[in-house]
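Worksheet: one structure, shown below.
The values are calculated or read from the model by the stated rules, or taken from the named source; none is laboratory data. These numbers were taken from a predicted model, which means no experiment stands behind them. Cβ atoms come from the backbone with ideal geometry, glycine included; neighbour counts cover every protein chain shown.
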Amino acid sequence: MVRIISRLLLIVAAASVALVGPARADGVAILRDAEIETSLRTWATPIWLAAGLDPAAVHIYLVDDPQLNSFVAGGQNLFMNTGTILRSQTPNQLIGIMAHETGHMAGGHLARSEEAMKNASIESIIGMAIGAAAAAATSSGAPVAAGMLGGETVAERSYLAFSVTQEASADQAGLSFLDKTHQSARGLLQFFEILEQEELLTSAHQDPYLRTHPLTSQRIDYVRNHVLHSPYSDAKDPPEWLEMHRRIKAKLIGFLQPPQQTLAAIKPDDKSVATRYERAIAEYRVPDLGKAVPEIDGLIHDEPSNPYFHEIKGQMLFENGRIGEALGPYTEAVRLKPDNALLRIELSQVQLETNDPALVPKALANLEQASHFEDRNPDTWHFLAIAYGRSNQMGMMALSLAEEGIANGDYHQARQQAARAIKLLPPGLARQQAEDLQGEAKREGKP
């Protein structure tokens, strides 16, 4: 389910450089999708292991932005623009980008900002990154007066922009990770060559990657030389990775482009899985469930063990008010992919929306398991609060609402609900957590 979990509103002062044009006016959406994130994690996990990182500690977030950009911030969080995925031609290109970003994580380049951002909401991190890009885009280097999150100036948050030295270090580390995993660096070189052409553009029209990741001819030459001499430069992406890449691009097109435009561009004789997937999503968005459901049913018939086809069918039904019918597909998706926290959150929402008291314990179990990984996702805590409330566990409901406040950057809510939880919970780990949240909210929030 490609889901917008939040939209960050940006207010750009008249004297500043436009961030990316009119489309930016109503904000930047953070998207969550189990299939796309799992694909990126599948490709990046060997890189993370080669870097000595724990893959379970790294989170991936999609930013709904058509421009080329990716960055790491707030600890081991990797952000990638949808435009980067859509403009990529192979998984290897995305792997090269993620190898470079892993170089930043492994190299400790985030140390100067990690303490300041470790408790920041995901929305805050996105705002800071966009602010850093905007600041770097000004010809004078002066702060851009973007009114982001508490009125802080971009100059105070410009630490998301890396130096040329750090960029070169991340390149070297990323290339070593690619060699350790026997993968080609051609994808990273191709990405740099695209960006090299954009350096000729004015800063206002460059992709934001260039504004926070300074590119030099020496860096490009270094990667090009590595490609010439590495024994793995001709390594190919596995066929299953190529198919995953086709499908996630088709999914993004289906969800992000106007559906009639998508359907008009599809060739009638194209019977590939990726194209059928794209068509099913576009038809659901028209909306035309009379065509969308049979299309996705055909894909499920061909690949009954694909959890994401079941998930999409569940989404089609749920968002059209057919909640009882959506329960089965979502349940099957979780059965097929029980380790995926996002799928469990989606299933729990459907279970709660049925208003069947017998399903509340199941929703609660799904959400408690999901919270171990999705602890910064406001949806996790929002639905947990509902499930605890319906289970008459009012102290845990207040604790969940405090967690939701922290995840949303709403420290007033966090303080208020943490105080309520402290009064309701008996001594133990849960009350200690409420006390910790209360302290965090007081530190992070304004009086």
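Listing for the model above:
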| quantity | calculated |
| --- | --- |
| Scope the range 432-446; condition part of a helix (DSSP H, G or I), over 25 Å from the mean Cα position of the chain (by Cα) and over 21 Å from I386 (Cβ atoms); matching residues | Q432, E435, D436, Q438, G439, K442, R443 |
| Condition check for K313: at pLDDT 95 or above, over 21 Å from the mean Cα position of the chain (by Cα) and surrounded by fewer than 18 Cβ atoms within 10 Å (Cβ to Cβ) | no |
| Inter-residue pairs, beta-carbon under 6 Å, first under 10 Å from L86 (Cα atoms) and in the range 239-256, second among the small types (G, A, S) and buried (at least 22 other Cβ atoms within 10 Å of the Cβ), 6+ apart | I248/S39 |
| Number of positions in the range 399-418 that are surrounded by 21 or more Cβ atoms within 10 Å (Cβ to Cβ) and closer than 25 Å to L342 by Cβ | 12 |
| Subset tally (residues that are part of a helix (DSSP H, G or I), more than 26 Å from the chain's Cα centre (by Cα) and either modelled with pLDDT under 95 or among the small types (G, A, S) (or both)) for the range 247-291 | 3 |
| Condition check for T380: more than 21 Å from the chain's Cα centre (by Cα) and of a type outside the set (A, V, I, L, M, F, W, C) | no |
| Failed condition for P268, given (1) more than 30 Å from D356 (Cβ to Cβ); (2) surrounded by 15 or more Cβ atoms within 10 Å (Cβ to Cβ) | (2) |
| Enumerated strands (runs of 3 or more DSSP E) restricted to the range 24-135, each holding at least 2 residues that are out of contact with any Cys (no Cβ under 8 Å at 6 or more places or on another chain), buried (at least 22 other Cβ atoms within 10 Å of the Cβ) and modelled with pLDDT of 95 or more | none |
| Selection from the range 88-105 of residues that are closer than 22 Å to P66 by Cβ and over 16 Å from the mean Cα position of the chain (by Cα) | S88, Q89, T90, P91, N92, Q93, G96, H100 |
| Residue that is free of Cβ contacts under 8 Å to residues at least 60 places away in the same chain and either farther than 14 Å from E311 by Cβ or buried (at least 24 other Cβ atoms within 10 Å of the Cβ) (or both), where the choices are A387, A341 | A387 |
| Residues located in the range 349-384, provided they are surrounded by 22 or more Cβ atoms within 10 Å (Cβ to Cβ) and either touching a Ser or Thr at 6+ places or on another chain (Cβ under 7 Å) or among the hydroxyl-bearing types (S, T, Y) (or both) | A363, L364, N366, L367, A370, T380, W381, F383, L384 |
| Candidate set: the range 189-203, residues that are hydrophobic (A, V, I, L, M, F, W, C) and in a helix (DSSP H, G or I); chosen: the one modelled with the lowest pLDDT | L195 |
| Any pair with Cβ under 6 angstrom, 6 or more apart, that starts in the range 287-311 at a residue that is in contact (Cβ under 8 Å) with a residue 60 or more places away in the chain and ends at one that is polar (S, T, N, Q) and buried (at least 16 other Cβ atoms within 10 Å of the Cβ) | none |
| Condition check for L342: assigned to a helix (DSSP H, G or I) and over 29 Å from A56 (Cα atoms) | no |
| Residues located in the range 252-307, provided they are closer than 24 Å to P66 by Cα and of a type in the set (S, T, Y) | T262, T275, Y277, Y284 |
| So S233, is it surrounded by 17 or more Cβ atoms within 10 Å (Cβ to Cβ), in a loop (DSSP other than H, G, I, E, B) and either at pLDDT 80 or above or of a type in the set (V, I, T) (or both) | no |
| Lone qualifier among A358, A341, A370, A363 - being small (G, A, S) and in contact with an Asp or Glu (Cβ under 8 Å, 6 or more places away or on another chain) | A341 |
| Restricting the range 419-447 to residues that are of a type in the set (D, E, K, R) and crowded, with 17+ Cβ neighbours inside 10 Å, the residue that is nearest to A407 (Cα to Cα) | E440 |
| Test: residue in the range 162-170 that is under 16 Å from N69 (Cα atoms) and either modelled with pLDDT under 90 or of a type in the set (F, W, Y) (or both) | yes |
